[in-house]
Amino acid sequence: MTSAICYCNAKIHAETGPIEKGWLTAEGGRITAFAAGNAPENPAYSYRNCNGLHVLPGFVDIHIHGACGHEFMDAHALAFRSIAQHCAQHGVTAFLPTTWSAPQEEILNVLHQLKRTMKEGTGSSRILGAHIEGPYLNPRFSGAQDERHLRPIDEREVQRWLATGIVRLLALAPEIPAAMALIEQVVEEGMTVSAAHSGARFAQLKQAIAYGLKQVTHTFNGMAPLHQREPGILGAALSLKELSCEVIADGIHVHPSLVNLLYQIKSKDRLILITDSVRAAGLPDGSEYEQDGRVVRCNDGAARLADGTLAGSTLTMDRALLNLSEWTGNSFTELWPCASLTPARAIQLDHEIGSIAVGKRADLVLLSAEGQVLETIVAGETVYRATSHH
C-alpha cells in the first residue's frame, strides 16, 4: 500500500490551471487534494519539498514499439519491463505497447504476454493495454511496416485480439475492403480506431468518421501527400475538427514548421505527441539490428532501413514536448496536455489519468525549469529519480 505523501513548494500544473506555489497530496495511489500556498500540517503525511519544480501529470505515450534494444514484438516480460523503465526515465507514467504487422499468431502471442505483464506490473511505467498498428494497411503507404505481413481484414482474427480484453487502439487504412464495418464494430466495443498507412480519399475519411473513426496515426507520415483537388487523408486530418492527430515531433519525421502548423490548427486539445520509438531508442548512435530480416541502422537520432526509409523513431516523450515548445513558441507548461491529457482522452482513459485532478491516479512528473525530467511518480510511488536530483 502506498503511503500518504505531500508534495509541497511546487509549481503545479492542474487541469483547472497552474498554481505558482502550492502543494499536492496523494494517498492510496490517487491524488487526494491540491491547492495554492503552504501545505497543511498532518502527521499522517510524509512531506516532499519540491523546491519550486514543475509538477505535471505523467506523460502518456499511446504509440511506442520499443526502446533500449527491445520491442514489444519480442513478446517477453523482460523486454516489456526494460521498455517501461526507459519510459519512466523520460517522464512517461503510462503507455500503450504497439504491435507491427506480423503473422496472426505472433500478434496474439504479444497480446497474451502483455496481459500477463499488466497483471504482474512492470515496477515502473504502467502498461495501459495494446495498440494494434496493422496488418490492415495500404501497401502503397506501408513505410517500414513489412509488406509481406499486410493482409485483408479477417473478422475472426480481430475477434481473437479483442477477446484478450486489452486492445485499446486499432490503426488501419480506412479505404481497404470491410474497413467501415470493422471501425463500427470496434468503436461499439469501446475502443478507438485511427487511420494509418493510408491513401484514403477525403470522402472516405468523412465516411469513416461517421462510423466512429476519431484519430490519425503519425500525421504526415505513412500517408498520401496533400493534393489541392483531392485533400485525401492529410487534408482531412488538417481540416476536420473531429479528428485528433498524432505527430512524431523529432524534427526528422516531420519538418518543425509543419508540426507548428498542425498545432496552430489542432491546438493542445487535438494534438497528440507520440514517440513511435523502436528498438533503437536509448541505443548509441551507430547501432544496428535486424527487423523482419532487414537491417536497421541508427544514425543522427534516426532509425532507417538500408533504402533510407524511416523505421520508427528514437524520440522520447520529454524531448517531444520540448521540441513542440521550441517550434510553437509556447511554454511546455502550456503544452503539457499534448503529452498527457489529450492522448489519455484519445483512448478514453482521461477519467483516470492525464491530468492533475482529485481522484485521478497520482501519476506525476517533476520537471526542472528547462523541462528536464528529475522524478517520475506512478500511483504515488517514485519509479525514477535523476542522479542529480535527491
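Pick out, from 113, 57, 249, the residue whose Cα sits farthest towards the positive end of the charge dipole of the chain, with +1 on the Cβ of Lys and Arg and -1 on the Cβ of Asp and Glu. Among 113, 57, 249, the one farthest towards the positive end of the dipole of the chain is 57.
Distance between the 7 Å Cα→Cβ label points at residue 38 and residue 51: 2.1 nm. With both labels modelled 7 Å from their Cα along Cα-to-Cβ, the residue 331 to residue 306 distance reads 5.1 nm.
Evaluate the charge dipole of segment 1-149 about its Cα centre and quote only its size in Debye, nearest 20, assuming +1 on the Cβ of each Lys and Arg and -1 on the Cβ of each Asp and Glu.
For this selection, approximately 320 debye.
What is the log10 of I(q)/I(0) for segment 1-122, computed with the Debye formula using one identical point scatterer on each Cα and no solvent, at q = 0.18, 0.21 Å⁻¹? Computed log10 I(q)/I(0) values: -0.92, -1.08.
Once the Cα-Cα distance is subtracted from the 0.36 nm per residue extended length, the residue 156 to residue 227 segment shows a gain of 21.9 nm.
Evaluated with a Cβ-only charge set (Lys, Arg +1; Asp, Glu -1), the chain carries a dipole of roughly 460 debye about its Cα centre, given to the nearest 20.
With the Cα gyration tensor of segment 119-241 in hand, convert its eigenvalues to equivalent ellipsoid semi-axes via √(5λ) and list them largest first in whole Å. Show your work: numbers first, answer last.
Working: eigenvalues 126, 48, 45 Å².
In descending order the semi-axes read 25, 16, 15 Å.
Sequence-ordered 3J(HN,Hα) estimates for segment 107-118 from the Karplus curve with 6.51, -1.76 and 1.60 and θ = phi - 60° stand at 4, 4, 4, 4, 4, 5, 5, 4, 4, 4, 5, 4 Hz, glycine and proline given as x.
Here the extension length gained between residue 210 and residue 265 equals 17.7 nm, from 0.36 nm per residue of separation less the Cα-Cα distance. Between segment 172-247 and segment 352-390, the C-alpha centres lie 34 angstrom from each other. Charges were assigned to the Cβ only: +1 to each Lys and Arg, -1 to each Asp and Glu. The resulting dipole of segment 82-168 about its Cα centre is roughly 260 debye. Average projection, convex hull of the Cα set of the chain: 18.1 square nanometres.
Could you tell me what percent of the accessible area of segment 236-296 is made up of carbon and sulfur, with a 1.4 Å probe and every protein chain present?
Working: 1200 of 2420 Å².
Accessible surface attributable to carbon and sulfur in segment 236-296 totals 50 percent.
In segment 178-219, what percent of the accessible surface is made up of carbon and sulfur (1.4 Å probe, ligands and nucleic acids excluded)?
Details: 760 of 1510 Å².
Summing carbon and sulfur atoms, their accessible area is 50 percent of the total for segment 178-219.
Using the heavy atoms of the protein chains alone and a 1.4 angstrom probe, what is the accessible area of the chain per residue in square angstrom? Each step should come with its number before you reach the end.
Details: 15230 Å² over 390 residues.
Accessible area per residue, the chain: 39 Å².
Fully extending the segment from residue 20 to residue 288 would add 91.9 nm, taking 0.36 nm per residue of separation and subtracting the current Cα-Cα distance.
Pull out a ≥ b ≥ c, the square roots of the eigenvalues of the alpha-carbon gyration tensor of segment 192-341, then state rounded if a/c is under 1.5, prolate if not and a/b is larger than b/c, and oblate in the remaining case.
Numbers: a/c = 2.05, a/b = 1.29, b/c = 1.59.
Oblate is the answer for segment 192-341, as a/c is 1.5 or above yet b/c matches or exceeds a/b.
Across segment 119-162, counting alpha-carbon atoms alone, Rg and Dmax equal 14.4, 40 Å.
Surface composition of segment 28-145: carbon plus sulfur atoms contribute 50% of the solvent-accessible area (1.4 Å probe, protein chains only, all chains present).
The values are calculated or read from the model by the stated rules, or taken from the named source; none is laboratory data. These numbers were taken from a predicted model, which means no experiment stands behind them. Positions of Cβ are generated from backbone atoms using ideal geometry, with glycine treated the same way; all protein chains shown enter the neighbour counts. When the accessible area is computed, the model is the full protein with side chains, heavy atoms only, and any ligands, DNA or RNA have been set aside. Shrake-Rupley method; radii C 1.70, N 1.55, O 1.52, S 1.80 Å.
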